[in-house]
Amino acid sequence: MQDVFNIPGLKVFERGWLSANNILLTDADSCTLIDSGYVIHQQQTLLLVQNALGSRPLDRLVNTHLHSDHCGGNALLQSLYPNLITLIPPGESRAIEQWDTEALSYEATGQMCPRFGFNGLLSAGQLLQMAGLEWQVLSAPGHDPHSVILFEPQHRVLISADALWANGFGVVFPELEGLAAFEEVAKTLDLIESLQPEWIIPGHGAVFKGVGEALSNARHKLDGFIQNPAKHAKYGAKVLLKFKLLELNQIATHTFIKWATQVRYFKLLHQTYSPDISVTEWVMTMLRDLEKSKALEFHDQLIVNI
């Protein structure tokens, strides 16, 4: 847990790469949590919130976007805080109402997320009062077409979700679907630069300063993807494989490969970029790349996360 820049009521729970970071903002009037992590960490999310709030209830839950690692704890929090107000970005409200797991990407990625509801929508230009401060809601498409970021101009703090990390940004998921979105990533990076934030609270990784260096890293990475979309496709596939390994820790190699070959994103990327080899061979190529980068190890008949 980090108490960020001595702003009263603002705490960051840094969670790693399976669960997105959680940001807790409290003041005399309300307690708000931004993003709730992945479902297998939902009890940890709850304990972090309860330990920080004590007897106070959680009043509001805000999701920057609806990828499973950012909203997997929503259902548990809603069940334990019955008066909780949940705000989600616009664009996916119908999918949430109908619980369309394909439209919400959970089927396509092979990830889990318990069903949850919502009470209201976030919109660009909206102002949220949190931790006694006024936060601007800004549209940040690219990684996810409906994602938002939150900016507090007095202290120049940006909650950037997966639009900007210290070393890049999240997988550009529309591109995996064959939809052009690299330009949206570039525009979101330009927006962040125009805000001139002093501090960045990313969706993953530690809070950091030095937005110029982070933007340079992100633009360099983006340029590489634009020049070579297949590079981004491989990056996306390996991220999804690593995410599942973070969830499972270890699994029989044949079982993991069978799972991957049934996930829609893997089938789509294989058909688009490597149709000359079997999907099983293609998945194994991705796994061998992860082994070379020391993201996993093969132990006898097992794949082990490291």
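For the chain, what Kirkwood radius comes out of the mean inverse Cα-Cα distance, in Å?
So the Kirkwood estimate lands at 19.9 Å.
Test of understanding: ordering Glu247, Glu291 by Cβ neighbours within 10 Å, fewest first, what list do you get? The partial results should precede the final answer.
Numbers: Glu247 19, Glu291 14.
By the 10 Å Cβ count, ascending, the order reads Glu291, Glu247.
For the chain, take the longest principal axis of its alpha carbons; what is the angle in degrees between that and the long axis of helix 229-248, to the nearest 10 within 0 to 90?
Value to nearest ten degrees: 70.
Report the trypsin sites (Lys or Arg not before Pro) located in the range 225-300 that are in a DSSP loop and have at most 10 other Cβ atoms inside 10 Å of their Cβ, or state none.
Details: sites: Lys231, Lys234, Lys238, Lys242, Lys244, Lys258, Arg264, Lys267, Arg288, Lys292, Lys294; in loops: Lys294.
Of the trypsin sites (Lys or Arg not before Pro), the ones in loops of the range 225-300 whose Cβ has at most 10 other Cβ atoms within 10 Å are Lys294.
Report, in listed order, any pair from Lys11/Lys258; Lys187/Lys294; Lys267/Lys294; Lys209/Lys267; Lys221/Lys242; Lys187/Lys258 with a Cα-Cα distance greater than 30 Å. Provide the component values of the computation, followed by the final result.
Working: Lys11/Lys258 41 Å; Lys187/Lys294 33 Å; Lys267/Lys294 25 Å; Lys209/Lys267 39 Å; Lys221/Lys242 19 Å; Lys187/Lys258 38 Å.
Violating the 30 Å Cα-Cα cut-off are Lys11/Lys258; Lys187/Lys294; Lys209/Lys267; Lys187/Lys258.
From Cα pairs below 8 angstrom and at least 6 apart in sequence, can you work out the relative contact order of the range 2-226, rounded to a whole percent? All intermediate terms of the calculation are to be shown ahead of the outcome.
On the way: 476 pairs, mean separation 35.5, N = 225.
So the answer I get is 16 percent.
What do you get for the angle between helix 182-195 and the principal long axis of the chain? Use alpha-carbon atoms, 0 to 90 degrees, nearest ten.
Taking Cα atoms only, the helix is inclined about 30 degrees.
Most exposed first by the Cβ proxy, i.e. fewest other Cβ within 10 Å, how do Leu191, Leu48 rank? Show your work: numbers first, answer last.
Details: Leu191 15, Leu48 20.
By the 10 Å Cβ count, ascending, the order reads Leu191, Leu48.
Identify which of Pro89, Pro141, Pro153 has the largest mean-square fluctuation in a Gaussian network model of the chain, with springs joining Cα atoms closer than 10 Å.
So, out of Pro89, Pro141, Pro153, the one fluctuating most is Pro153.
Within a Cβ distance under 15 Å of Glu107, other residues only, what is the Lys/Arg minus Asp/Glu net charge? Mind dumping the intermediate values first?
Details: positive: Arg115, Lys244, Arg264, Lys267; negative: Glu92, Asp100, Glu102, Glu177.
Within the 15 Å Cβ shell, the charges total 0.
Report the residue, chosen from Ile251, Ile201, Ile277, that carries the largest GNM mean-square fluctuation when the chain is represented by alpha-carbon nodes joined by springs under 10 Å.
Ile277
List Asp289, Asp35, Asp223 from most exposed to least, where exposure is judged by having the fewest other Cβ atoms within 10 Å.
Working: Asp289 16, Asp35 27, Asp223 12.
Result, fewest neighbours first: Asp223, Asp289, Asp35.
Give the residue from Ala180, Gly132, His143 lying farthest towards the positive end of the charge dipole for the range 2-226; charges sit on Cβ (+1 for Lys and Arg, -1 for Asp and Glu) and the dipole is referred to the Cα centre.
Comparing the listed Cα positions along the dipole, Gly132 ranks first.
Order 157-168, 108-119 from most to least packed using the mean count of other Cβ atoms within 10 Å.
157-168, 108-119
Using a simple charge model, +1 on the beta-carbon of Lys and Arg, -1 on the beta-carbon of Asp and Glu, nothing else, what dipole does the chain show about its Cα centre, in debye to the nearest 20? Display every interim value, and only then the final one.
Values: 22 positive and 32 negative charges, 111 e Å.
About 540 debye.
Assuming 1.306 mPa s and 10 °C, estimate D for the range 229-305 with Stokes-Einstein, Rh taken as the Kirkwood radius over Cα pairs, in µm²/s.
Details: Rh = 12.3 Å.
Once the numbers are plugged in, D ends up at 129 µm²/s.
Read-outs throughout are calculated quantities, based only on the coordinates presented, and are distinct from any laboratory measurement. Please read these numbers as outputs of a predicted model, since none were measured by experiment. We place every Cβ from the backbone using ideal geometry, glycine too, and count neighbours over all the protein chains shown.
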